[in-house]
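Remarks on the structure that follows.
We did not get these values from a lab; they are worked out from the coordinates using the rules stated. What you are looking at is a predicted structure, and each value in this text was computed from that prediction instead of being measured. All Cβ positions, glycine included, derive from the backbone under ideal geometry; neighbour counts span all protein chains shown.
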């Protein structure tokens, strides 16, 4: 048994490691004063539980600072403009060509408008004229730390997004390639041996092609549903609907497949059950749950669909007498592109997106989707939907 799945989520771990702050000033007294003022510095950043702390290092010249920056990659540099040898502005010019340069705060007694303009053009974040008080220094640094942390978050998020896009496209290509290869294979058989094939064999080839194409269409439909839901671009048509109607329609849609395998489907619900929601979203829930209950059932099995009004929520339960699954398999089932792959399911087509979509839709109604299952006995899928308070 193996489980094929990919969970597309952005799991960001906030940066709580101390940030490195480099002070560049040719006056030893100034460097010491900065170190004393920032020795116990810590600050809070919105969205991060832990306090952000710093470690300190220093340099007396721009040349030494450049080496430290290249070796240790400090996050923030407190940079004096007037330095022996290379000036602060000249160092900034060099740093502006680095891929991820440190955030620069200019500290200088020569705070002219021209210097400020030059520093800003070269990417200085802030400008702190000498003399400054410890409180002024700490206040400026707090703003700089918040900016650095947000920048780190943005970089990590963009990296994860690129990874997710690559992973998503890789899985999608794999899932679409398999049925395409199968259809191509059947076409090759017809092209090479079509005239020699018996009528029943030709019909079998056509049926298998149709089955693969049906699977591909289902995957494309699921992808469109997933994209519309996650992008927030789908315009929801919220209105009063009868929950029993989409349930009946889902049972009707699954009827031919159920009949062919001797599977019975029973609906246990009130005659009508008003609900304020989007009819298309509710239909997606029922269609996925009922079709899966048939698809993963045993021949001559049964499916029980129950809809119950429980005051503040609607509870939808779909129980089957199918092949079931282990707790480990069930724990991954509602993630994107999850398909349980074993000897019992290897010939059952599926996009691996349906249940993920069901859970996302349930979330739109402040609800949830869960499963309880026993191998070789069956599964019960439960979806809860919160009712709108009038």
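Some observations on this one:
- Given their separation in residues at 0.36 nm each and the Cα-Cα distance between them, residue 160 and residue 207 gain 12.8 nm when the chain is fully extended.
- Of the residues 99, 252, the one with the fewest other Cβ atoms within 10 Å heads the list, and the complete ranking is 99, 252.
- At full extension, residue 70 and residue 370 could sit 102.9 nm farther apart than now, given 0.36 nm per residue minus the alpha carbon distance.
- Counting every other Cβ atom within 10 Å of each residue's Cβ, 78, 176, 103 order from fewest to most as 176, 103, 78.
- Take the Cα of residue 178, step 7 Å toward its Cβ, do the same at residue 308, and the gap between the two points is 3.6 nm.
- Counted by neighbouring Cβ atoms within 10 Å, the residues 140, 53 run from fewest to most as 53, 140.
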